[in-house]
1. If you check Glu225 against the conditions, is it open to solvent by 40 Å² or more (accessible area, probe 1.4 Å), closer than 18 Å to Ile157 by Cβ and without any contact (Cβ under 8 Å) to a residue 24 or more places away in the chain?
2. Under 7 Å between Cβ atoms, at least 6 apart or on separate chains: pull out the pairs that start in the stretch 89-103 with a residue that is basic (Lys, Arg) and end on any residue that is modelled with pLDDT of 95 or more.
3. Look at the stretch 267-294 and say how many of its residues are open to solvent by 30 Å² or more (accessible area, probe 1.4 Å) and closer than 21 Å to Ala249 by Cβ.
4. Based on this model, can you work out whether Lys351 counts as exposed (fewer than 13 other Cβ atoms within 10 Å of the Cβ) and more than 23 Å from the chain's Cα centre (by Cα)?
5. If you go through the stretch 59-69 one residue at a time, do you hit one that is open to solvent by 30 Å² or more (accessible area, probe 1.4 Å), touching a Lys or Arg at 6+ places or on another chain (Cβ under 9 Å) and within 16 Å of the ligand (Cβ to nearest atom)?
6. Which ones in the stretch 62-84 are farther than 26 Å from Glu137 by Cα and modelled with pLDDT of 95 or more?
7. Let me spell it out: the conditions are (1) open to solvent by 20 Å² or more (accessible area, probe 1.4 Å); (2) within 9 Å of the ligand (Cβ to nearest atom); (3) not β-branched (Val, Ile, Thr), and Glu46 meets all of them except one. Which number is the exception?
8. Mind listing whichever residues of the stretch 17-35 are near the ligand (Cβ under 9 Å from one of its atoms) and surrounded by fewer than 19 Cβ atoms within 10 Å (Cβ to Cβ)?
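The values are calculated or read from the model by the stated rules, or taken from the named source; none is laboratory data. Note that this is a predicted model, so its numbers are computed, not measured. Methodologically, a virtual Cβ is constructed for each residue, glycine included, from the backbone with ideal geometry; neighbour enumeration extends over all protein chains shown. The area values use the complete protein model at the heavy-atom level, side chains included, leaving out ligands, DNA and RNA. Shrake-Rupley method; radii C 1.70, N 1.55, O 1.52, S 1.80 Å.
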Amino acid sequence: MSGIYIHIPFCKQACHYCDFHFSTNMGKKEAMVLALIKELELRKDEFKEEVVQTIYLGGGTPSVLNTAEIDQIIEAVYSNYTVLGAPEITLEANPDDLSKEKIEELAKSPINRLSIGIQSFFEEDLKMMNRAHNSKEAEDCIVLAKNYFDNISIDLIYGIPGMNNDRWISNIEKALDYGVPHISSYALTVEPKTALKAFIDKGLIPTVDDELAEVHFHILVEKLEAAGFINYEISNFGKPGYFSRNNTAYWQGKKYLGIGPSAHSYDVIRRGWNINNNAKYIKAIAQNELPIEVEVLSKTDRYNEYIMTGLRTIWGVSLERIKTEFGQKFYAYLAQQAHKKIEDGLLYIEKDHLLVSKKGKFLSDGIAADLFLVNLS
Ligand code: SF4
């Protein structure tokens, strides 16, 4: 089982915090759709033994495509790959694109899961982040989408400068009131070369406060778990039956094909990444060339990756898998590195799996980094 990720590299405007690959110039949108379809054709042999169980249109902002374009892309997946009978097909969408007409059209397309970039229900936060939508659109689109889609996820950002605990709690409570079955929630991070970083450096916006983010994270976990959500990955919460199949496969180390500029691919042995330039991507594909760089993952790379993704999920790291797939040297190293963290109550072992405790959850990336290997192979 495997997944196909398709990157739609266009956005209406640049959010201040974003370092994903996208362009606000829609001039190449039609050429891009044709290039994506052609890349799907060019790479079909890479997946000839695979059954595709998830298709994910991410970005950028996939909802800037019209439904005919979305249908053409999904059709290209079906005509070049073997697709499971009932695949999960997700579209990332922004509230300002989700008019009643658009949602009605999407409901008639093969899309069966919407991931909506709400980020906050409050005008102050949306303005500060330079989101393209307002708070009314954030609320209205969920009400509308619920009439047509059962499987809806929303994104929320916490730790925003100026966002006090009460405002964060209101955001969570609104999400719960709307009854969405899945929430992805990330701390605002300050990436290099973003407008947010420049504003903070100039003193125009207060810096992001890690302690505030940690408080918000614990509020989030407490409130969502009390409402029946399972925190199945550090930043993801789903009601039973509504975990993202696409992301779960990714965290469990399954193969995926990344189509489009900047998209990453993984086949268990190698990782590839497409060029992150729209014009160069379109030109290469038109010449039947794949604008991709590939690296072969060493055993150490694969171990580090498994530790990082495993510790972020409720499935943890299988000690049996470490022994059988990586060998005794890796197992001994992990046992030695994990020992202190277990004593400190940050990690624990249950049913032969290494897991992050409640106390360690917010720190899981740092804990994982301490378990990484640098040069064993
Ligand atoms: S809509 Fe998403 S991809 Fe586009 S700029 Fe904003 S955060 Fe980045």
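1. On the way: open to solvent by 40 Å² or more (accessible area, probe 1.4 Å): yes; closer than 18 Å to Ile157 by Cβ: no; without any contact (Cβ under 8 Å) to a residue 24 or more places away in the chain: yes.
Taking the combined requirement at face value, the residue does not satisfy it.
2. Lys100/Leu144
3. 8
4. The answer is yes for Lys351.
5. Filtering the stretch 59-69 for residues open to solvent by 30 Å² or more (accessible area, probe 1.4 Å) gives 66, 68.
Those left that are additionally touching a Lys or Arg at 6+ places or on another chain (Cβ under 9 Å): 66.
Applying the additional criterion that residues be within 16 Å of the ligand (Cβ to nearest atom) yields none.
So far as the stretch 59-69 goes, no, none of its residues is open to solvent by 30 Å² or more (accessible area, probe 1.4 Å), touching a Lys or Arg at 6+ places or on another chain (Cβ under 9 Å) and within 16 Å of the ligand (Cβ to nearest atom).
6. Initially, the stretch 62-84 is screened for residues farther than 26 Å from Glu137 by Cα, giving 72-84.
Scanning the stretch 62-84 gives Gln72, Ile73, Ile74, Glu75, Ala76, Val77, Tyr78, Ser79, Asn80, Tyr81, Thr82, Val83.
7. (2)
8. Once the filter is applied, which keeps residues that are near the ligand (Cβ under 9 Å from one of its atoms) and surrounded by fewer than 19 Cβ atoms within 10 Å (Cβ to Cβ), the stretch 17-35 yields Cys18, Asp19, Phe20, Thr24.
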